[in-house]
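What follows is a short report on a single structure.
Just so it is clear, none of the values below were taken in a lab; they were calculated from the coordinates. Quick caveat, the model's predicted, so the values are computed rather than measured. Reconstructed Cβ throughout: ideal geometry from the backbone, glycine too, with neighbour counts over all protein chains shown.
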Amino acid sequence: MAHSHQTTLPKKKILRPKVAQVHFYIPKATIRGNFKRWHSSPAVNIMNGRCDQGETVLTETGDVFNPVHLDDTAYAIAQFVCCLVGIPLNLSIAITLIRHRRLRQKPRNIFLLGIIWSNLSFFIPAIIKLIYWGFYPVESLCRVYVALVGVPQGLLSLNMLLAVADRYLAINHPLLHREKMTVRFASVVIILSSISTVFFLKFVYIVGLAPLRCEVWLVHAKIILMILTIVFLSCATLYLVVYRQTQILLGTIFPSTNDAAGQRNGNQMECIELAVIGNESLNERVSTPITNDECSSIRPSSMSIHVNRRKLSQIDLETTRTLISGLTSLIITTLPPMIFVSSFLACRLVSQSECSHFNWLAPYMIELGLINVVCSPLIILIRNKDLRTALVG
């Protein structure tokens, strides 16, 4: 049997030209930053159903800034102490105003109750941050915190504005205020105004312009800044107007001749005439000292009040203290966060960078209102004798 022998030729090696390999090193922070910019670009935002300004705050390493993260133990202890003191204090005042019928029948106490509930709202984000820091660091808890950021500052500024507006109406339109400003009307105004404020503060999340995640959206910060600025300026302006109107009403602005006469006669009484024309209140003070018989002859359409000069000075001092305490509370609560957010946005606009060096200051600015909501109830108790008596009794 013949066997066929097949000769196999060796395979030729295919020579390929060597290509020099060049390795490039790209830092991870740059990759994260570029991906973040691409992810928040207009095209991607449109595909994901987000607004065109969906930029978020980043850290120095390019990661997404976690607004609820807490590193400072001393700061956490201070928050815990504020909650431990402030919550029982504000709750006791709120319960006293609700339980005593004599107090809750006054509309001005309803506005005071709105301020107290606004104070209590400051403790909710603080408690969430403490729970996240010490026990339960999950993203769902961080989302709740993001949903509440800015709401306490907005509610407190709003309720202070409503309380000052109530005093303005009581001074300039006393009869109309007494007729229309009831407890029910004051309650409805507070509830509707609070709901509207929360809606505008969280507009980007409610209408779906930005997803609710554990991050800070710049468009959300801009809306909060705009609303707080409007309410703050309105409230501060109205505080000054009410103070001026109170001075005029109480007759604390005297000519120098009358001041000299008042010093000679310490028991001299001043008759302040409040002439009411329609719904307008015209304050007219008689320039010369008036006896009781002369005051009784004033026409029936006007009201006259006998006030001692020394008493007027005391009332003016109390009014000034009220103005100072109210403005101080408003400034501590609202002004520092406004300045911080404005500086952060201005830094991003001017330097065209992330301005991540502002991030460490954010928790202190946001939670600075805790100091105010602990001190303001003490000021209220000191200045409100009826409330203090009802609370102790």
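One table, with the values for the structure above:
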read-out	value
Modelled label reach - PHE199, point 7 Å along Cα→Cβ, segment 129-154 residues with backbone N closer than 14 Å	none
Theoretical gain in end-to-end length, LEU130 to ILE248 [0.36 nm per residue, Cα-Cα removed]	37.6 nm
Net length gained if the chain between ARG383 and LEU175 were fully extended (0.36 nm per residue, minus Cα distance)	72.3 nm
Alpha-carbon centroid distance for the pair segment 121-192 / segment 208-250, whole angstrom	12 Å
Exposure proxy ranking, count of Cβ atoms within 10 Å, fewest first, for PHE135, PHE185	PHE135, PHE185
Proxy reagent accessibility, fewest Cβ within 10 Å first, across ILE98, ILE128	ILE98, ILE128
Sum of side-chain charges, TRP360 neighbourhood, beta-carbon under 13 Å (Lys, Arg +1; Asp, Glu -1)	-3
Proxy reagent accessibility, fewest Cβ within 10 Å first, across PHE65, PHE122	PHE65, PHE122
Local net charge near VAL164, Cβ-Cβ under 13 Å (Lys/Arg +1, Asp/Glu -1)	+2
Distance in nm between pseudo-label sites at THR182 and LEU240 (7 Å out along the Cβ direction from Cα)	3.7 nm
